[in-house]
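The values are calculated or read from the model by the stated rules, or taken from the named source; none is laboratory data. Fair warning: this is a prediction, and the values are worked out from it, not measured in the lab. As a convention, Cβ positions derive from the backbone with ideal geometry for all residues, glycine included, and neighbour counts pool all protein chains shown. What goes into the accessible areas is simple: the full protein's heavy atoms, side chains included, and nothing from ligands, DNA or RNA. Shrake-Rupley method; radii C 1.70, N 1.55, O 1.52, S 1.80 Å.
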Amino acid sequence: MVQTRRLPQPLPFAQQVAIFSRLAEANPRPVTELEFTNPFTLVVAVALSAQATDVGVNKATRGLFAMADTPQKMLDLGLEGVTEHIKTIGLFRQKAKNVIALSRILVEEFGGEVPDSRAALMRLPGVGRKTANVVLNSAFGHPAQAVDTHIFRVGNRTRIAPGRDVDEVERAIEDNVPARFQDNAHHWLILHGRYICQARRPRCAVCIIHDLCPYEEKTA
């Protein structure tokens, strides 16, 4: 019989409030580091960011979005045009096909508009739950939690949102993070994981929540 790993208890409410109050004070208006101008360009940028850095995606999409910032313009640019713009990004050939395919669906089925529904977004090629949640949050202001490797690590290390997989961590954030912080929670957590609570050498000495964090392997 396979035993399921028992998860630690999430941090109590008062500790959650204290942590997110500090994160909010340090960065009152956190935003995604991907550059976009409207919901469509955000969908494309997030879809391109899989297995790529935000910096690399931004470099590629500046020229792309200057020419094609709507689904119809992207279709007019064509597969070869999209491919040429994003060839510096990993898996660029498949991603270019996805961008054209999702643009076609948006034109033919959604009148050229990006739907504000997770289920509808996840019908688009190259758009999974994480991408859909980023779009719902950053484009439409919905308190959706887009869990990536950074948030998965921070959620478990800090016990803000323990989970065995990204879906469990997403639910744990929704269940345990106070509602007043839900709109920006995933931004704060991803930035904290990217720049402070890093995978190999977490920067505990400069962490603003180190005294509230149960993680024992503190490093310099």
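Tell me which residues, restricted to the stretch 32-82, are on the phi > 0 side of the Ramachandran plot and open to solvent by 70 Å² or more (accessible area, probe 1.4 Å).
Within the stretch 32-82, just Gln51 meets the criteria.
Here is a list: Arg6, Arg29. Which entry is open to solvent by 40 Å² or more (accessible area, probe 1.4 Å) and under 20 Å from the mean Cα position of the chain (by Cα)?
None of the other options fit; the residue is Arg29.
Say whether the condition of being small (Gly, Ala, Ser), assigned to a helix (DSSP H, G or I) and in contact with a Lys or Arg (Cβ under 8 Å, 6 or more places away or on another chain) is met by at least one residue in the stretch 34-48.
Checked against the condition, which is being small (Gly, Ala, Ser), assigned to a helix (DSSP H, G or I) and in contact with a Lys or Arg (Cβ under 8 Å, 6 or more places away or on another chain), the stretch 34-48 yields at least one hit.
What number of residues within the stretch 177-187 satisfy the criterion of being surrounded by fewer than 19 Cβ atoms within 10 Å (Cβ to Cβ) and in a helix (DSSP H, G or I)?
3
For the stretch 188-207, which residues satisfy the criterion of being open to solvent by 10 Å² or more (accessible area, probe 1.4 Å) and either in contact (Cβ under 8 Å) with a residue 40 or more places away in the chain or not in a loop (DSSP other than H, G, I, E, B) (or both)?
Of everything in the stretch 188-207, those that are open to solvent by 10 Å² or more (accessible area, probe 1.4 Å) and either in contact (Cβ under 8 Å) with a residue 40 or more places away in the chain or not in a loop (DSSP other than H, G, I, E, B) (or both) turn out to be Trp188, Ile190, Leu191, His192, Arg194, Tyr195, Cys197, Ala199, Cys204, Ala205, Val206.
Here are Val127, Val147: which of them is free of Cβ contacts under 8 Å to residues at least 40 places away in the same chain, under 16 Å from the mean Cα position of the chain (by Cα) and outside any helix (DSSP H, G or I)? Working first, answer last.
Values: Val127 fails: free of Cβ contacts under 8 Å to residues at least 40 places away in the same chain.
Only one candidate qualifies: Val147.
Quick one: how many residues across the stretch 80-124 are in a helix (DSSP H, G or I) and either at pLDDT below 95 or under 18 Å from Ala144 (Cα atoms) (or both)? Can you show your working first?
First, pick out the residues of the stretch 80-124 that are in a helix (DSSP H, G or I): 80-85, 92-110, 118-121.
Okay, now just the ones that are also either at pLDDT below 95 or under 18 Å from Ala144 (Cα atoms) (or both), so 118-121.
Within the stretch 80-124, residues that are in a helix (DSSP H, G or I) and either at pLDDT below 95 or under 18 Å from Ala144 (Cα atoms) (or both) number 4.
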